[in-house]
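Input: a single structure, listed below in structure tokens.
The values are calculated or read from the model by the stated rules, or taken from the named source; none is laboratory data. Note that the coordinates shown come from a computational prediction; the quantities given were computed from them, not determined experimentally. No Cβ is skipped: glycine too gets one built from the backbone with ideal geometry, and neighbour counts run over all protein chains shown. Heavy atoms of the whole protein, side chains included, go into the accessibility calculation; ligands, DNA and RNA do not. Shrake-Rupley method; radii C 1.70, N 1.55, O 1.52, S 1.80 Å.
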Amino acid sequence: MASEEIRVRGTVQGVGFRPTVYRLAKACGLRGDVCNDGQGVLIRVTGSEAALGEFVLRLQQECPPLARIQEIIRTPAVGEFNFEDFEDFAIAHSVSDTVKTEISPDAATCLQCQQEIFDPFSRFFRYPFTNCTHCGPRLSIIRAIPYDRCNTSMSAFAMCPECEKEYHNVENRRFHAQPLACHICGPQAWLERADGKAVTASMFSMLDDVDAVCTLLQKGEIVAIKGLSGIHLACDATVETAVQKLRQRKGRYHKPLALMARDIEIIAEYCTVSPKERELLTSSAAPIVLLSRKGIGNEKLTQYSIAPSVAPGQNRLGFMLPYTPLHHLILKRMNRPIVLTSGNLSDEPQCIDNGEARERLSKIADYFLLHNRDIINRVDDSVVRVMGDKVQTIRRARGYAPAPINLPPGFAKVPPILAMGSELKNTFCLLREGEAILSQHLGDLENAAAFNAYEETLNLYLNLFEHQPQSIVIDQHPEYLSSKLGKELAAANQIKIYSIQHHHAHIAACMAENGIPLNSQPVLGIALDGLGYGEDGTFWGGEFLLADYRQFRRLATFKPVAMIGGEKAIYQPWRNTYAQLIAADSWQNLTQKYDNLEILNFLKQKPLKLLNQLIEQNINSPLASSTGRLFDAVAAAIGIFREECSYEGQAAIAMEALAAIDSLNNDEEKPNYPFNFTFFDSIYCIDSSPMWLALLTDLQQQTSPGMIAAKFHRSLAKAIVEMVKHLSHENLINQVVLTGGVFQNCLLLEQVIQGLQTLEINVLTHSLVPPNDGGISLGQAVIAAAHNLTENTLI
């Protein structure tokens, strides 16, 4: 006989792991116990050597669906406990300890729970909060570790005898399911009118308040629905007046709206769904998946067409499936998609509290479907897309956060680090013991409410994980609110602070998620985005950096061009067009040669004399090598959102959609626009001047906007590949990293990858974290960790 303590680390709490241990231990004839503690799961067990070996093997093979074993450590039994006292195997009470365990993300309703809520003979029939150890709330309801009911918002609901019976029955899949509840003892949902008047059954035929929501949506009403980790606004996605009403009330005038449909079959009426996309839609994460629309330009393919206002100028729709019993029940009778967008005014954090919703959403929603289970942690819906055979994460939140990302070899002994993230699409990152814990997407911190939510979430994570950072990491931009807060925290706690260049962090994030070891040879990182603060005090956004985790060297960039009016250039694309044109040639020459062009006539109506003074005197017109602004400039030149955009990148996204259509329809020989390679300020530059003159000539020859857009994408990709080829002659380059928000452009990314593969260069892209600023915090953290390890080695 042998006795062991078996330590299991990973996502092993709240996912049915202890019941699995119990079942396997009994099957293997072992005695002992299992408990949750701050480090994960601890198993104390005694039995034959063969039985112990079989037990550990089966534990890995029969791991519960939501569990993730990171490490199993077996040690001979020592200490004061007498293993001979065990007569059977038992599940012991949880032990509070130093927190080293993981918190499981919220999980979509499993198939068994789905069957029960529609089974009239089940006690969970039509219960909107049905769950088990394989599904349901986790992060959204947790206050503290370990993950036990008393540490969640379910502590307010005492279990009835039937639930108690299932909770303690090891043969039941709800054994120790912490959010377990039913109609009798659990949370309840109810319907309210936004105007405060009573809701009566005579208003519509309904089974219950949840079913009534379906009828309201079918009638064109807007309903605020409190779900798993936030409150959403819903309307019928096929009724243009309802969608327009929602947009106007919410103040979200152009950004695409997310859709939810009852099942894959309904989604397939509107979009093509590949096997990989189907897998994502039906996964426990249940993200929004960006899918290619069917019949672009010919929407009358189904009985109900998607309202034009859902995703204007887009060739993709963002669909998700129901991920809670509440959503399944609402959509049971709904044979068409609904809009399901975050419950907030545009750019504010999503509402999570009933009172807050009544106050902030009463002018948007006509009705509220609320419930009395508190949401502790606000978590937005995740957004992903499939490119080729690889998943690209656009927004990492519900279903994925806060599952840790294992760091590459060399980072195992890193002390605790806190990385504050960027200003836009913010996440923060806790680094500890060889893993990175990224927060859920927290939004744009320039919004005061979003910044307050960022501070609250940061404090919650620090307390939840008992994380005491020994250093703090910030972006180099002096005005980022995340950087300012990081400086305050470092000063208050008297700990070291690292300031990391924005694009270096982008590249390091991609390296880390691709498992590039700490002491690897440098990669060539190509970071293309809107802008980031450069080491020379200018704004960068089109960078070719030879980088490892510790340092980088800037080899090439795009020729810097003025952002006239600073931030205004982000939302008024014509400003970028004018700046690019006069950087390419004199205004006098341009007007002489292309005087009849619409874009030039448009620009003549602008205060050009004032704009020139701003550039000449360097007044709020910083130079930027921004690829994002180059896209905006080309889009405006061909008439796409020329005057104004309501969100960053809107013009570029619409131009990609137009280019993608032309790329599909045009099989002729495809010429390219020329780009010059110059040597400027000790580095190589990609100069778009000749491209602009050729593009204006195309406009003069009345080439279609779609053809110009496709030609621009193709030409830019070719220029990027040519620059890599040129740089590889002077530098040892085995791997290229593609990162930054511009590489969310599928067309550009695919064309660049194809070009680099012809050079037989290994290409690394993002999958686990977004290529946009949502992945910055991971890069910041690993760069600081590399510096820390180097400094400690030198001491």
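What the table below lists for this structure:
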| read-out | value |
| --- | --- |
| Checking Leu485 against (1) open to solvent by 30 Å² or more (accessible area, probe 1.4 Å); (2) part of a helix (DSSP H, G or I), the condition it does not meet | (1) |
| Residue in the range 263-282 that is in contact with an Asp or Glu (Cβ under 7 Å, 6 or more places away or on another chain), of a type outside the set (A, V, I, L, M, F, W, C) and within 26 Å of Tyr400 (Cα to Cα) present | yes |
| Residue within the range 718-739 that is buried (at least 19 other Cβ atoms within 10 Å of the Cβ), of a type in the set (A, V, I, L, M, F, W, C) and within 22 Å of the chain's Cα centre (by Cα) present | yes |
| Residue ID - nearest to Ser284 (Cα to Cα), chosen from residues in the range 115-128 that are hydrophobic (A, V, I, L, M, F, W, C) and open to solvent by less than 10 Å² (accessible area, probe 1.4 Å) | Ile117 |
| Within the range 33-60, tally of residues that are under 30 Å from Arg143 (Cα atoms) and either of a type in the set (Gly, Ala, Ser) or in a helix (DSSP H, G or I) (or both) | 4 |
| Residue list for the range 453-479, filter: under 20 Å from the mean Cα position of the chain (by Cα) and outside any strand (DSSP E or B) | Ala453, Tyr454, Glu455, Glu456, Thr457, Leu458, Leu460, Tyr461 |
| Breaking point among (1) more than 19 Å from Gln701 (Cβ to Cβ); (2) at pLDDT 95 or above; (3) not in a loop (DSSP other than H, G, I, E, B), for Arg642 | (3) |
| Condition broken by Val243, with the remaining ones in (1) open to solvent by less than 40 Å² (accessible area, probe 1.4 Å); (2) over 28 Å from Ala194 (Cα atoms) satisfied | (2) |
| Those residues of the range 433-452 which are open to solvent by 10 Å² or more (accessible area, probe 1.4 Å) and either closer than 28 Å to Glu648 by Cα or touching a Phe, Trp or Tyr at 6+ places or on another chain (Cβ under 8 Å) (or both), in sequence order | Gly434, His441, Leu442, Gly443, Asp444, Glu446, Asn447, Ala448, Ala449, Phe451, Asn452 |
| Test: Val769 is in a helix (DSSP H, G or I) and in contact with a helix residue (DSSP H, G or I) (Cβ under 7 Å, 6 or more places away or on another chain) | no |
| Residue match in the range 242-257 (condition: within 19 Å of Leu369 (Cβ to Cβ), outside any helix (DSSP H, G or I) and modelled with pLDDT of 95 or more) | yes |
| Hey, Val45 touching a strand residue (DSSP E or B) at 6+ places or on another chain (Cβ under 9 Å), of a type in the set (Val, Ile, Thr) and within 24 Å of Cys135 (Cα to Cα) or not | no |
| Pair list, Cβ < 7 Å and 6+ apart or interchain, from the range 468-479 residues that are closer than 16 Å to Trp540 by Cβ to residues that are part of a strand (DSSP E or B) | Asp475/Ile500; Asp475/Tyr533; Gln476/Ser499; Gln476/Ile500; Gln476/Tyr533; His477/Tyr533 |
| Tally of residues being among the small types (Gly, Ala, Ser) and over 28 Å from Leu280 (Cβ atoms) across the range 361-385 | 2 |
| Filter result for His168 (surrounded by fewer than 15 Cβ atoms within 10 Å (Cβ to Cβ) and not aromatic (Phe, Trp, Tyr)) | yes |
| Residue selected from the range 12-57 under the condition closer than 21 Å to Arg68 by Cα and without any contact (Cβ under 8 Å) to a residue 12 or more places away in the chain, by the criterion most open to solvent (accessible area, probe 1.4 Å) | Leu57 |
| Cβ pairs under 6 Å, 6+ apart, first in the range 748-768 and of a type in the set (Ser, Thr, Tyr), second surrounded by fewer than 16 Cβ atoms within 10 Å (Cβ to Cβ) | Ser767/Lys390 |
| Selected residue (only one of Ala158, Ala194, Ala177, Ala144 is small (Gly, Ala, Ser), open to solvent by 60 Å² or more (accessible area, probe 1.4 Å) and touching a residue at least 24 places away in the same chain (Cβ under 8 Å)) | Ala158 |
| Flag if Lys219 is of a type in the set (D, E, K, R) and free of Cβ contacts under 8 Å to residues at least 24 places away in the same chain | yes |
| Options Gly220, Gly196; residue that is out of contact with any Leu (no Cβ under 9 Å at 6 or more places or on another chain), small (Gly, Ala, Ser) and at pLDDT below 90 | Gly196 |
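Rundown of residues vs (1) modelled with pLDDT under 95; (2) open to solvent by 60 Å² or more (accessible area, probe 1.4 Å), yes/no style:
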| site | (1), (2) |
| --- | --- |
| Phe631 | no, no |
| Val634 | no, no |
| Asp662 | yes, no |
| Phe679 | yes, yes |
| Ala709 | no, no |
